[in-house]
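What follows is a single structure, written as structure tokens, with notes after it.
What follows draws every value from the coordinates through simple rules; no lab data is involved. Given the structure is predicted, the values throughout are model-derived calculations rather than measurements. Glycine gets a Cβ as well: all are built from the backbone with ideal geometry, and neighbour counts include every protein chain shown.
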Amino acid sequence: MKGIKSFLISSVLILSILLSSCAGNGGETPSGNDVTDTKPADTTAVKADDSEEITDDEKLDADNIDPEYSYEKWVEHGYGYLKYVAIDTDGEVSADSSSLAWGMSYLLDTLCRGYCATGDIAFLEQLAIYVYKSYEGMADNDGDGYLSWGTGHYSGGVYEEFAVHIGMMLATAGEFVFLIKGDSELSQKDTPLGMTYGELADYIIDRSVNHAIPSFDCDWNEELGVYMSRSGSGVYDGAEEIYSLPHNQYLAFAIGLMHFAKFSPEHTDEYLHRAEKMLTTFKNCVTWFPNIGVAAWNYNDPLFEGDHYTYRQEDFSHGMLDVRAAIIGYENGLVFTLEDINMLAKTYDTIMYRQGQEYPALSDYVDGTGESVGRIRLWNYDVSIYSPRTVLRGMEYMIFNSKPVNEDTLTVLSYHHDTPTPEQFSVTMPTEGAADVSPDNAVFMWQRGAKANYYRLQVSTDAEFTDIIVDRDKIINNAAVVDGLPANTELYVRVIAMNMKDEGTVCEAHSFSTAES
């Protein structure tokens, strides 16, 4: 694009060349499920540019930001966005799954961030209206006995249902339910809809667990560990064959499964098993460059002989879903490590980032190639707690473009460098003194502490937390699953709410006991 500086330094160019022929991504069609045998590429020829190391001046320091872009100013912009999108209970919401996924889910995510950043229930009231109206639009249009969402957008008007669309809605609806189930007082409050927040949460859980999720059971492939397309689906221009879905499409559904596993004990093991299979499949398709701390991957990969495959690097937009799935997997102790997430974050803030003469932006593709996309937005900010520079670069983009009223405003606010110390909160699951908590896939949930950017979950064998057996840092949501706790043991749990300055608020610890294994 015109005006882009020669930011793609030699290391990026070499990286791009390597990615075109690296292990697992070289265009060869594996037979069977050979994706599990993917090995990291030899990247000894790639060297990081020293200038890419974050300097002290780049760190999140209030002295480096103009007062116009202070925390208070972004709060003001956030309320401007709330006013911009506000509807009442008579407002109309589309039931088209394409519009819901690629439009409504972003709105839901943004309102959720607004509530978490400010603690103002006005954001939650709007979120409740939008979620309820979206779920009211579910219908059994394909006659399979399940209520779901669908679209004719990709098939000339013929109704179809897509796992990626449903997954994106489940992901944002799940975040909303976390807020309610993690706060017993909030659960009893009235929504603008004539029901309590607790009743609305149960309604969403019922329609998600008993309809939206099982409507795709017929597409699950246990051997490959992914969901498949349906014959004649618009996913691949009406192809009659059945193919494995592109990474972003099955990973979006994996996010939904990980969220709703926490609300449906009868399905917890099943949902987490499928999510783990999908995350494993994806991770084995990623090419890791540990010597420079980045990663890259394709839009889709062939998982069996004859599978659909179009070689190209993953793009920015769909890649946000992939990274979000990896982060949620890490939060729940599935497949991805904190080191993995740090590498994905560096891919975004180093390889993909372009400081242009016209505006800062990200490249089209995760290997730094292609033209620049025009927005640094939304789920990309989930990497901000792993890469503080991302927040500054996101601000830089919006400052340049003077767009204070859009989804990005509350996203920036939710990771602002000058966020106040988080407010007091408490752990709500397991409850104080709870007995017979499963040592496998134990669910932990806590109030969303207003002003918190992320959380740290700790479980100890003693009340003083000198023997910590679980220490999971940088959790974005207010819920997590922990596997492998000692059976028949009294344990203690606490959570620390953190802001971007690493200032924390520790909730009061309480005890619980695990069941026999």
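Details
- With 26 Å as the limit, the listed pairs Lys262/Lys283; Lys83/Lys189; Lys73/Lys346 have Lys73/Lys346 beyond it between alpha carbons.
- Dividing the Cα radius of gyration of the stretch 152-273 by 2.2 N^0.38 Å, with N the residue count, gives 1.19.
- Here the stretch 427-514 is treated as a Stokes sphere of Kirkwood radius computed over C-alpha pairs; at 25 °C and 0.890 mPa s its diffusion coefficient rounds to 190 µm²/s.
- Relative to the current alpha-carbon distance between Thr431 and Glu136, full extension at 0.36 nm per residue lengthens the span by 103.0 nm.
- Sequence-ordered 3J(HN,Hα) estimates for the stretch 186-193 from the Karplus curve with 6.51, -1.76 and 1.60 and θ = phi - 60° stand at 4, 4, 8, 6, 7, 8, x, 9 Hz, glycine and proline given as x.
- Full extension of the chain between Ser513 and Asp440 gives 25.0 nm of extra length, using 0.36 nm per residue less the Cα-Cα distance.
- Across the stretch 320-328, coupling constants 3J(HN,Hα) worked out from phi with the 6.51/-1.76/1.60 Karplus curve, θ = phi - 60°, read 4, 5, 4, 5, 4, 4, 4, 5, 5 Hz, and Gly and Pro carry x.
- Full extension of the chain between Tyr159 and Glu503 gives 118.8 nm of extra length, using 0.36 nm per residue less the Cα-Cα distance.
- Hypothetical label at Ala86: residues of the stretch 101-143 whose amide nitrogen lies under 11 Å (7 Å Cα-Cβ projection): 122-123, 126
- Label-point separation, Asp206 to Glu72 (7 Å along Cα→Cβ), nm: 4.7 nm
- Working note: Karplus 6.51/-1.76/1.60 with θ = phi - 60° gives the stretch 243-253 the couplings 10, 5, 6, x, 4, 5, 6, 7, 6, 4, 5 Hz, where Gly and Pro are set to x.
- Sorted by Cβ density within 10 Å, fewest first, the residues Val506, Val75, Val226: Val506, Val75, Val226
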